[in-house]
Structures are given as structure tokens and as C-alpha cells.
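As C-alpha cells, the structure follows; a few thoughts come after it.
Readers should treat all values here as calculations from the given coordinates under stated rules, not as data from a laboratory. The shown structure was predicted, so the numbers you read here are calculated from the model rather than taken from an experiment. Glycine gets a Cβ as well: all are built from the backbone with ideal geometry, and neighbour counts include every protein chain shown.
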């Protein structure tokens, strides 16, 4: 496989209004997500030390029978007994093709009375992951149920980029750049380009490409709002009378 993106993609890339002024940089995006071209992105700063993501599975209601399955980024484990050991849960997770051997450890328990933790390690260490989900068919006890919650958010030592979100307060509330091409990320830090169905057009790199400078039609930007426009380098230069839509002048300092 190639180790850098090429110009074969699902959907068009974001096209600047004036290509001469546009400049790009490499960015590492959060894992297990799809980003459309033109997505407004923001940076979650790192601390200089990588943090492994930890998720916790809890079963309540003291069941005496039944099973549950865990789904991670679209892949689902085999059915697991209500009182499955940590070794059994770990083996089931590592059997998923999007996790793999040595990339998650399971501790705690014993189920169902005591929660278990799932820590992403190996190729998935120090990365933001999607939250796994659990579907349970439990019997006995009193209204038994199962849930997975985020205990520790994974993070690269240098941080990561994600979709701009003005409602949060972890860095994603400050719009900083625009994603050039549609990109799908996985839990191992790979950024995919092309179509998975046709192997010749399926490529990955460990970074995506984002514009940090240029002039763009705001109609082509995904997730933009008034605060995001203000963030992007105090960048509104006004509407050029020669254009048919408002444009944003992006210049980060």
C-alpha cells in the first residue's frame, strides 16, 4: 500500500476560490470517524505524553444468565456470557479485524458484579477511539442491563484534530483549518482515501491534508458557523463582487 494519499478519492476535494493563495499542512485526525471534504477542523492539544484510551463495561441488575455482544467501529464480537471472564472478553475483542491481537487489554471483573475496563494498547495506544457499544440479552436479577462508558480519553502526545464544535471546551471550539479531502480514520491512526471496495483505489496515510490559508466559498465548508468564521484567522475579508457566494479568508498566525 502507498504511505501517502494520492489524487483518487471518494468525492471531490475542497477547491479554493483562488488556488494561488492556498496552503496546506498535515494533520492527525481523531480515530474511527468519517470527515467530508471542507470539514472545519480544530486541534485538541497534547501534553507531550501519549494517553491510552480506557472504556468501562458495567453490568447492572445482578443477572443470572444471558449474553452480550460488543460493537467497536462497526465490528461486533461473538456472543459473550453474562459472567464472561476478562480473558474471554479480551480474546473476543482482539478477534475483531479492526482491533487485532495485542491491541486491547481487559481487566477488572468478575462480571457481572464488578465492571471491567478495556484499555487500547499496541497499535491503538495513545489515540482517540470511538466509544464501543454493548447490546445485552440478560436474564434473571432485576432489570439487568449493560453499558459502556468512557473512562479515559485517548490522546496522541502531540494532540489530534477533529471536527470543529463550538459547544465544547477541549480545543475543538476554536476553528483552525479546513480538511482538503474526504477522509476515513481507523483506531490505529490510519487515514484512508479512495474506495475500500476497489483495492487499487484504497490508500492510507498517517496524516490528512488541511488548508490553513486560502480563500474559500463558505457554502463549501462543513460545520461552519459565525463563531467558526470569526475563529479562522479573523479571516472574513468580505464578499468579492466577482464571486457568487461569500468567501472566507483563512490566514492562521
Query raised in the report: Between the stretch 46-121 and the stretch 135-179, what is the C-alpha centre distance in whole Å?
Result: 16 Å
Query - Mean shadow area of the stretch 19-96 over all directions, Cα convex hull, nm² - result: 8.9 nm²
Report summary line: Semi-axes in Å, largest first, for the stretch 54-152 (Cα gyration tensor, √(5λ)) are 22, 13, 12
Requested in this report: Starting from the Cα of residue 24, step 7 Å along the direction of its Cβ; do the same at residue 170; then give the gap between the two resulting points in nm.
Outcome: 2.7 nm
Report summary line: Descending packing, highest mean Cβ count within 10 Å first, for 170-177, 218-225 is 170-177, 218-225
Report summary line: Taking every C-alpha to C-alpha distance in the stretch 45-87 and binning by 5 Å from 0, the per-bin percentages run 5, 14, 22, 20, 13, 9, 7, 7, 3, 0
Query raised in the report: What's the long-distance tail for the stretch 69-213, i.e. % of Cα pairs beyond 28 Å?
Result: 32 percent
